[in-house]
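*Asks:* My questions all concern the structure below.
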């Protein structure tokens, strides 16, 4: 992470929420490592792995350490001198032990035991933050569905107007996707809630004859599940986490991109909320840019890029491969923070979204009856067959467009159509309310569903 982005004192807020940044910053991470090592010493003393007096010294020392700039400097210098991930930490704690604790500190464990267990705890906290913002976004989307169940607008395919829909129908498509992500966060909990305490090659060789019991006690104190097997070389759990965040951030990106497009001056159907002091451009004062909707796309790309990097860690050599798991130190915090920021921004965007119903209808009507083409074609098809009816309406639409006429006018006065449909039938098709299929019924069906909740 560079000073320009995630850890920047100026721009860091664009890439992560304060809560997420606090999970992965040096000081709180190191503090949690010390707490884990103190707990480990206590458990090891219970099983005779380390002397009781040494464990007491370790616990008191770790808990009294203030993780300040000086302590972090010692850790950094130790790392730079030895090239070992936690040698600086070990030396800094050992120097502060008043008794025999320094000789037994970090006994019988390895870097990955501590870093993996810390990471699982951090991701458990991150999951809580992500769920909270996901539920905010879900609640806001449900309200949009209710409020705009009947708000008519153009449904678009390939960037062009297709058939009429309602904005509530569009929002319902967002809603079911958000609900699926909520269920996925429940489903991943059992697999993600597992610690790591297995030693150098995963065999628990340094924890003595009661190693499995000590492992169970250690994780029980942390409210984690003991692993069935060491996962030092099996990183699928973490890659699953990453790709869950690919899904959630991509949904945020999809919704944001839709709002970005519908806020265009030429369309003007949606607007994201803008504070009075918001500045769109320092050179074009009139602009009201979709800053949040746009930034969701940036954040989602950060998540996807890091998830791709993390997928490389699935392939390990033997029982441990530093090339693979050390990539996680960069990728997992960055993608988790970016996904958390995206989820927070999405919730705020949906809560403040401005829906311009009049403009939605005006844009639909401005298409000159194009949205009625399917209804007329289907009525005509009952007389002459679908393919023939499609050809007539298709050719008529092309001709009307080239002549600058509306499709409604062209249909009303086309002699071929008038031979097959009488005037009353044509008037009913063209003068009726825009056909919206089952849009409203589908919105009702989605709103009636009460998603089940699993692990929180």
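The values are calculated or read from the model by the stated rules, or taken from the named source; none is laboratory data. Quick caveat: nothing in here was measured; it's all calculated off a predicted structure. All Cβ positions, even for glycine, are placed from backbone atoms using ideal geometry, and neighbour counts span all protein chains on display.
*Asks:* Tell me which helices (runs of 4 or more DSSP H) are completely within segment 309-396 and hold 2 or more residues being closer than 30 Å to residue 151 by Cα and touching a strand residue (DSSP E or B) at 6+ places or on another chain (Cβ under 9 Å), or say none if there are none.
*Replies:* Answer list for segment 309-396: 357-366, 373-384.
*Asks:* Within segment 2-27, how many residues turn out to be assigned to a helix (DSSP H, G or I) and free of Cβ contacts under 8 Å to residues at least 12 places away in the same chain?
*Replies:* 4
*Asks:* May I ask you to verify whether residue 32 is over 22 Å from residue 214 (Cβ atoms), modelled with pLDDT of 95 or more and either in a helix (DSSP H, G or I) or not assigned by TED's automatic domain parsing to the domain that holds residue 197 (or both)?
*Replies:* no
*Asks:* Go through the residues of segment 182-196 one by one and say whether even a single one is outside any helix (DSSP H, G or I), closer than 16 Å to residue 442 by Cβ and touching a strand residue (DSSP E or B) at 6+ places or on another chain (Cβ under 9 Å).
*Replies:* Checking segment 182-196: not a single residue is outside any helix (DSSP H, G or I), closer than 16 Å to residue 442 by Cβ and touching a strand residue (DSSP E or B) at 6+ places or on another chain (Cβ under 9 Å).
*Asks:* Select from segment 363-404 the residues that are crowded, with 16+ Cβ neighbours inside 10 Å and either at positive phi or over 44 Å from the mean Cα position of the chain (by Cα) (or both) and list them in ascending order.
*Replies:* The answer is 368, 369, 379, 380, 381, 389, 392, 396, 400.
*Asks:* Check segment 272-281 and report whether any residue there is part of a helix (DSSP H, G or I) and modelled with pLDDT under 95.
*Replies:* no
*Asks:* Conditions first: (1) modelled with pLDDT of 95 or more; (2) not assigned by TED's automatic domain parsing to the domain that holds residue 168. Residue 338 passes all but one, so which condition is the exception?
*Replies:* Here residue 338 clears every test but (2).
*Asks:* Ok, one more. Within segment 402-411, how many residues turn out to be in a loop (DSSP other than H, G, I, E, B) and in contact with a helix residue (DSSP H, G or I) (Cβ under 9 Å, 6 or more places away or on another chain)? Quick ask: steps written out before the conclusion?
*Replies:* Initially, segment 402-411 is screened for residues in a loop (DSSP other than H, G, I, E, B), giving 404-406.
Narrowing the set further to residues that are in contact with a helix residue (DSSP H, G or I) (Cβ under 9 Å, 6 or more places away or on another chain) leaves 405-406.
Matching residues across segment 402-411 total 2.
*Asks:* Can you confirm whether residue 217 is closer than 30 Å to residue 348 by Cα, in contact with a helix residue (DSSP H, G or I) (Cβ under 8 Å, 6 or more places away or on another chain), at pLDDT 95 or above and surrounded by 13 or more Cβ atoms within 10 Å (Cβ to Cβ)?
*Replies:* no
*Asks:* Please enumerate the residues belonging to segment 35-71 that are in a helix (DSSP H, G or I), under 24 Å from residue 196 (Cβ atoms) and without any contact (Cβ under 8 Å) to a residue 60 or more places away in the chain.
*Replies:* Selection gives 35, 38, 42, 45, 54, 55, 58, 59, 61, 62, 63.
*Asks:* Among (1) modelled with pLDDT of 95 or more; (2) surrounded by 13 or more Cβ atoms within 10 Å (Cβ to Cβ); (3) not in a helix (DSSP H, G or I), where does residue 77 come up short?
*Replies:* Status for residue 77: all satisfied but (3).
*Asks:* Still on this model: Only one of (1) touching a helix residue (DSSP H, G or I) at 6+ places or on another chain (Cβ under 6 Å); (2) in a loop (DSSP other than H, G, I, E, B) is not met by residue 206, so which one is it?
*Replies:* (1)
*Asks:* When you look at residue 90, is it in contact (Cβ under 8 Å) with a residue 12 or more places away in the chain, outside any loop (DSSP other than H, G, I, E, B), closer than 24 Å to residue 320 by Cα and not assigned by TED's automatic domain parsing to the domain that holds residue 332, yes or no?
*Replies:* yes
*Asks:* Also: Could you count how many residues in segment 412-440 are modelled with pLDDT of 85 or more, farther than 11 Å from residue 379 by Cβ, under 51 Å from the mean Cα position of the chain (by Cα) and not in a loop (DSSP other than H, G, I, E, B)?
*Replies:* Matching residues across segment 412-440 total 4.
*Asks:* Which condition from (1) under 30 Å from residue 135 (Cβ atoms); (2) surrounded by fewer than 18 Cβ atoms within 10 Å (Cβ to Cβ) is the one that residue 409 breaks?
*Replies:* With (1) under 30 Å from residue 135 (Cβ atoms); (2) surrounded by fewer than 18 Cβ atoms within 10 Å (Cβ to Cβ) applied to residue 409, the lone miss is (1).
*Asks:* Consider residue 99 carefully, then state whether it is over 30 Å from residue 223 (Cα atoms), without any contact (Cβ under 8 Å) to a residue 12 or more places away in the chain, out of contact with any strand residue (DSSP E or B) (no Cβ under 6 Å at 6 or more places or on another chain) and surrounded by fewer than 18 Cβ atoms within 10 Å (Cβ to Cβ).
*Replies:* On the way: over 30 Å from residue 223 (Cα atoms): yes; without any contact (Cβ under 8 Å) to a residue 12 or more places away in the chain: no; out of contact with any strand residue (DSSP E or B) (no Cβ under 6 Å at 6 or more places or on another chain): yes; surrounded by fewer than 18 Cβ atoms within 10 Å (Cβ to Cβ): yes.
So residue 99 does not fit the description; no.
*Asks:* Of everything in segment 223-238, what is crowded, with 19+ Cβ neighbours inside 10 Å and part of a helix (DSSP H, G or I)? Give them in sequence order.
*Replies:* 238
*Asks:* Please specify each residue of segment 431-447 satisfying the condition of being out of contact with any helix residue (DSSP H, G or I) (no Cβ under 7 Å at 6 or more places or on another chain) and under 10 Å from residue 150 (Cα atoms).
*Replies:* 436, 440
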